[in-house]
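Heads up: the structure comes next, in structure tokens.
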């Protein structure tokens, strides 16, 4: 790319643009972690309210958290994952998000 009014040429790198685009479109997963405070029925209720899961799906995820220590409750775009983590944390649940490699 040539700068107007000079003979200086700047090299642009499309690779950086691709890396940024990959980070924005990369899928993320939302996980909830087991905690000793919240009742299992409360966790199930929160999952139903936030994600719209059925009673069976919410119970299955809650039991996975209870017995295995964590469960992936949602996967998708980063911005929505951030919103879900914030909503879960507002209900005092331990929630984290991480990129899927």
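Annotations
- Scattering curve values for segment 27-99, log₁₀ I(q)/I(0), Debye with Cα scatterers, q = 0.11, 0.13, 0.19 Å⁻¹: -0.22, -0.30, -0.67
- For segment 27-99, averaging the sequence separation of C-alpha pairs within contact (under 8 Å, six or more residues apart) and dividing by the residue count gives a relative contact order of 53 percent.
- Length gained when the stretch residue 37-residue 87 is fully extended (0.36 nm per residue, less Cα-Cα span): 16.3 nm
- In this simple spin-label approximation, residue 60 and residue 79 carry label points 7 Å from Cα along the Cα→Cβ vector, and these lie 3.0 nm apart.
- Potential lengthening between residue 68 and residue 45 on full extension [0.36 nm per residue; Cα-Cα distance subtracted]: 6.3 nm
Throughout, read-outs are computed from the coordinates displayed, never taken from laboratory work. Worth saying up front: this structure is predicted, and the values here are computed from it rather than measured. Cβ: placed from backbone, ideal geometry, glycine included. Neighbour counts: every protein chain shown.
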